[in-house]
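All of the numbers you see were taken from the coordinates with simple rules; none came from a lab. Owing to the predicted nature of the structure, the values given are computational and were not obtained by experimental measurement. Glycine also receives a Cβ, built like all others from the backbone with ideal geometry; neighbour counts cover every protein chain displayed.
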Amino acid sequence: LFPKGTRDLHLLLGEACDIIRNVTWVGFVDDYDRSVCLLHARYDFAVHPAEMTNMRPSASRDHTINMTRVGEIVRDRAPVLDDALYECARARFLEELERWA
C-alpha cells in the first residue's frame with residue numbers, strides 16, 4: 001500500500017483509523033439516507049422531515065463526461081492515505097449499519 005521508506009505513514013494510518021473507530025458517528029454524503037438513518041437508529045431520536053429532503057440539489061449532470069475517467073484522474077492525484085482513511089471509515093459505517101439499522 002505504501003512506498004518503501006514510509007513506515008511513518010503506517011503509524012499515522014493506524015492512529016487515524018483508531019480515531020475513526022472512536023468518533024461518535026460516521027456517515028457519508030454519497031450514502032446520505034442510510035447515514036441519517038444510522039444516526040437516528042444509534043441515538044434513538046425522531047427524524048425531522050427536512051433531513052430527508054435534498055436541500056442542495058446538484059445541477060443536472062453532464063452525461064457526456066466519462067465519470068470513470070474522472071475518478072481515475074482524481075485517484076491518480078489523491079494521496080494514498082486518503083484512500084486508506086476512507087476505507088477505515090467505510091468499514092466502520094458498514095459494520096454499524098449491520099449492528100444498528
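Protection proxy ranking for 24-31, 9-16, 36-43, using the average of other Cβ atoms within 10 Å per residue and placing the highest first: 36-43, 9-16, 24-31. Could you calculate the FRET efficiency of Val23 with Thr53 from 1/(1 + (r/R0)^6), where r is the beta carbon distance between them and R0 is 25 Å, rounded to 0.05? The pair Val23/Thr53 has a calculated efficiency of 0.45. Once backbone amide H atoms are built at 1.01 Å from N, Phe28 has Ser35 as its partners under 5 Å, excluding neighbours fewer than 5 places away on the same chain.
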